[in-house]
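Worksheet: one structure, shown below.
The values are calculated or read from the model by the stated rules, or taken from the named source; none is laboratory data. Being a predicted model, the structure only gives us computed values, none of them experimental. Ideal geometry is used to build each Cβ from the backbone, glycine not excepted, and the neighbour counts take in all protein chains shown.
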Amino acid sequence: MAEKKITEATVLTLFREDKISTSKGAQLLGIPIQDFMDLLNANGIPLWDGTPEELKEDVKALRELRKKYKKKEQAI
């Protein structure tokens, strides 16, 4: 039981420090991503803590990546 709590605390710390993603955190704990997100919420850890401007930049970058990979898929 103590080992599980130590692992959980370590994974939460890594996530809080932006060292791992939600999917990696869930994988390390052996739980579904939704359960990991619930665990973050229960521990007062936000999924994302950037500014609105950073979010806009991230969304823009993701859209550009999606377009890039769609073009690659169509070429195959």
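Quick notes
- Matching residues, segment 34-62, being out of contact with any Pro (no Cβ under 8 Å at 6 or more places or on another chain) and at pLDDT 95 or above: Q34, D35, F36, M37, D38, L39, N41, A42, N43, G44, I45
- For segment 23-73, filtering for residues that are surrounded by fewer than 11 Cβ atoms within 10 Å (Cβ to Cβ), of a type in the set (V, I, T) and assigned to a helix (DSSP H, G or I) leaves 1.
- Subset of segment 1-22 that is outside any loop (DSSP other than H, G, I, E, B) and among the β-branched types (V, I, T) - its residue that is surrounded by the most Cβ atoms within 10 Å (Cβ to Cβ): V11
- Unmet criterion (only one of (1) at negative phi; (2) free of Cβ contacts under 8 Å to residues at least 24 places away in the same chain; (3) of a type outside the set (S, T, N, Q)) for E8: (2)
- Residues of segment 17-76 that are touching a Ser or Thr at 6+ places or on another chain (Cβ under 9 Å), touching a residue at least 24 places away in the same chain (Cβ under 8 Å) and within 19 Å of I6 (Cβ to Cβ): L40 alone.
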